[in-house]
Amino acid sequence: MDRRRYVEQVRELRRFSGVSAIPPDPYDVSVRLAQTLVRYDRDIVLSPQGQREYDEAMRLSHEHGPCCCHCWRWTAFEGQAKFLLTRLDYSPQLVAHVWGLEDGCGGAE
């Protein structure tokens, strides 16, 4: 873990403290939150426009997806993106930014 980057991530994630779907710490995602986000991935069906927005977020993210590999974080943050795009009207750019702040696989950019 890059300590400087981690401190920056936590500081920036505070901006989203009112959004229950965004963890306050990229290395401490609660089981309850992860289960909720996985459920969003399963239950939220994107419209064609929503799918284009999701694809744009993937293109814009530095890892070209919610995580560096298709693990539980990928599935959870895919659900998170569906929630943010459809329920909170986040832009693809903002979703990609949030994903970058949640990077918990080393934290390096």
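What follows is calculated from the coordinates using simple rules that are stated; it is not laboratory data. If you're wondering where the values come from, they're calculated on a predicted model, not measured in any experiment. In this analysis, Cβ positions are derived from the backbone assuming ideal geometry, glycine residues included, and neighbour counts consider all displayed protein chains.
For the stretch 54-68, does any single residue satisfy the condition of being of a type outside the set (S, T, N, Q), exposed (fewer than 14 other Cβ atoms within 10 Å of the Cβ) and within 12 Å of E102 (Cβ to Cβ)?
yes
Consider the stretch 68-109. How many of its residues are under 13 Å from the mean Cα position of the chain (by Cα) and of a type in the set (K, R)?
Residues flagged as under 13 Å from the mean Cα position of the chain (by Cα) and of a type in the set (K, R) within the stretch 68-109 amount to 2.
Which residues, counting only those in the stretch 24-34, are within 12 Å of R73 (Cα to Cα) and either of a type outside the set (A, V, I, L, M) or surrounded by 12 or more Cβ atoms within 10 Å (Cβ to Cβ) (or both)?
Listed by number, the residues that qualify are P26, Y27, D28, V29, S30, L33, A34.
How about the stretch 6-23: which of its residues are assigned to a loop (DSSP other than H, G, I, E, B) and either surrounded by 13 or more Cβ atoms within 10 Å (Cβ to Cβ) or touching a residue at least 60 places away in the same chain (Cβ under 8 Å) (or both)?
V19, A21, I22, P23
Look at G65 and say whether it is of a type in the set (G, A, S), out of contact with any His (no Cβ under 9 Å at 6 or more places or on another chain) and over 17 Å from I22 (Cα atoms).
No, not satisfied.
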